[in-house]
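Just below is one structure, and these are the notes that go with it.
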Amino acid sequence: MAATILVTGFGPFPGAPFNPTGPLVERLARLRRPYLANVKIVPHIFPTGYAAVDRDLPRLLATHKPDALLMFGLAPRARALRIETRARNTVSLLPDATAASLSRHTIAAGGSAAIALPAPVHRLLAAFRTTGVPAALSRDAGRYLCNYLCWRAAEAAGKKGGPRLAAFVHVPKIARTARRPGKRRKLTLGDLTRAGAAVLVAVACHV
């Protein structure tokens, strides 16, 4: 039976006028690989806002009933891909891209301090490493929209009929111009696409 994978990224947000996860998701949606022949890929770019996540994620899950979620977000200070292993029950008061913020410090009042993301993280890490793109596991998805989406996705995966797998990957800033001599090499969109393709195939094989 064909599997459905919802692949998501985010749009720009304050301090990050260019978010590479948008074009990354668009490229992954066009992938053609033998292991993806029977996989339906549903791409979606969230506007970087709390209301957008709460509006779009339930609609996407109800419409497409994905077997897995593969989510990408930008971590501007990261130097490698980070596979998030959990979501924390905390939220920043920083405004989102719509200038809105949540007037509370937790996502779920009275909830647990953290919840695990249901994903084969070591298998995904191994998939990344086959591409030569640096990657690591992470226990801290931050306190902004990425962590918020992680929490909502983990909640959805825990419900009857929800996705069986929910994985989140933080990507660093990428090079958009030629590297200057002596400068540390930044990842490119091509690097992200190569790594993203490997992890997408790993997700497809798992579900």
If you take every residue apart from HIS206 with its C-beta less than 14 Å away from the C-beta of HIS206, what net charge results, scoring Lys and Arg +1 and Asp and Glu -1?
+1
Taking amide H positions as placed 1.01 Å from N in the peptide plane, with prolines and chain starts having none, which residues 5 or more places from ARG86, or on another chain, fall under 5 Å of its amide H?
LEU117
Only four residue types carry charge here, +1 at the Cβ of Lys and Arg and -1 at the Cβ of Asp and Glu. Report the dipole size of the chain about the Cα centre in Debye, rounded to the nearest 20.
760
Whenever you get a sec, line up ILE83, ILE115 from highest to lowest accessible area (probe 1.4 Å, protein heavy atoms).
ILE115, ILE83
So what's the chain giving for Cα Rg divided by 2.2 N^0.38 Å, two decimals?
0.97
Provide ASP67, ASP54, ASP96 ordered by accessible surface of protein heavy atoms (probe 1.4 Å), highest first.
ASP54, ASP67, ASP96
With a Förster radius of 22 Å, plug the Cβ-Cβ distance of SER103 and ARG139 into 1/(1 + (r/R0)^6) and report the FRET value to the nearest 0.05.
0.25
Considering the options PRO34, ILE115, LEU6, tell which one lies farthest towards the positive end of the dipole of the chain, charges being +1 on Lys and Arg and -1 on Asp and Glu at the Cβ, about the Cα centre.
PRO34
For the stretch 55-95 and the stretch 2-40, what is the separation of their C-alpha centers, rounded to whole Å?
13
If one puts a single equal scatterer on every Cα of the stretch 1-40 and applies the Debye formula without solvent, what log₁₀ I(q)/I(0) results at q = 0.32 Å⁻¹?
-1.08
Go through the stretch 70-82 residue by residue and turn each phi into a ³J(HN,Hα) via Karplus (6.51, -1.76, 1.60, θ = phi - 60°); whole Hz please, and just put x for glycine and proline.
10, 10, 10, x, 9, 10, x, 8, 6, 10, 8, 5, 10
Please compute the length gained on full extension between ALA16 and VAL207, using 0.36 nm multiplied by the number of residues separating them and subtracting their Cα-Cα distance.
65.4 nm
Rounded to a whole number, what % of the accessible area of the stretch 53-157 do carbon and sulfur atoms account for, probe 1.4 Å?
55
Students sometimes get this wrong: rank HIS44, HIS105 by accessible area, probe 1.4 Å, all chains present, largest first.
HIS105, HIS44
Can you give the accessible area of LYS173 in Å² (nearest 10), computed on protein heavy atoms with a 1.4 Å probe?
100
Sorted by chain and number, the residues with a modelled amide H under 5 Å from that of PHE72, at a separation of 5 or more or across chains, are THR8, GLY9, VAL169
Relative contact order, percent, of the chain when contacts are C-alpha pairs under 8 Å separated by at least 6 residues?
28
Taking a crude spin-label model, label points 7 Å out from Cα along the C-beta direction, the TYR35 to LYS159 distance in nm is 3.0
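If the only charges are +1 at each Lys and Arg Cβ and -1 at each Asp and Glu Cβ, what is the size of the charge dipole of the stretch 57-116 around the Cα centre, to the nearest 20 debye?
For this selection, approximately 140 debye.
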Which percentage, to the nearest 5, of the DSSP beta bridges contained in the chain is antiparallel?
25
How many Å² of accessible area per residue for the stretch 1-157, probe 1.4 Å?
47
When the Karplus curve 6.51 cos²θ - 1.76 cosθ + 1.60 is applied with θ = phi - 60°, which whole-Hz ³J(HN,Hα) does each residue of the stretch 154-167 get, with x for Gly and Pro?
5, 4, 4, 5, x, 9, 4, x, x, x, 7, 9, 9, 10
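The values are calculated or read from the model by the stated rules, or taken from the named source; none is laboratory data. Please read these numbers as outputs of a predicted model, since none were measured by experiment. Here the Cβ is made from the backbone with ideal geometry for all residues, glycine too, and neighbour counts use every protein chain on show. Accessible surface is based on the protein model in full, side chains and every heavy atom, while ligands, DNA and RNA are left aside. Shrake-Rupley method; radii C 1.70, N 1.55, O 1.52, S 1.80 Å.
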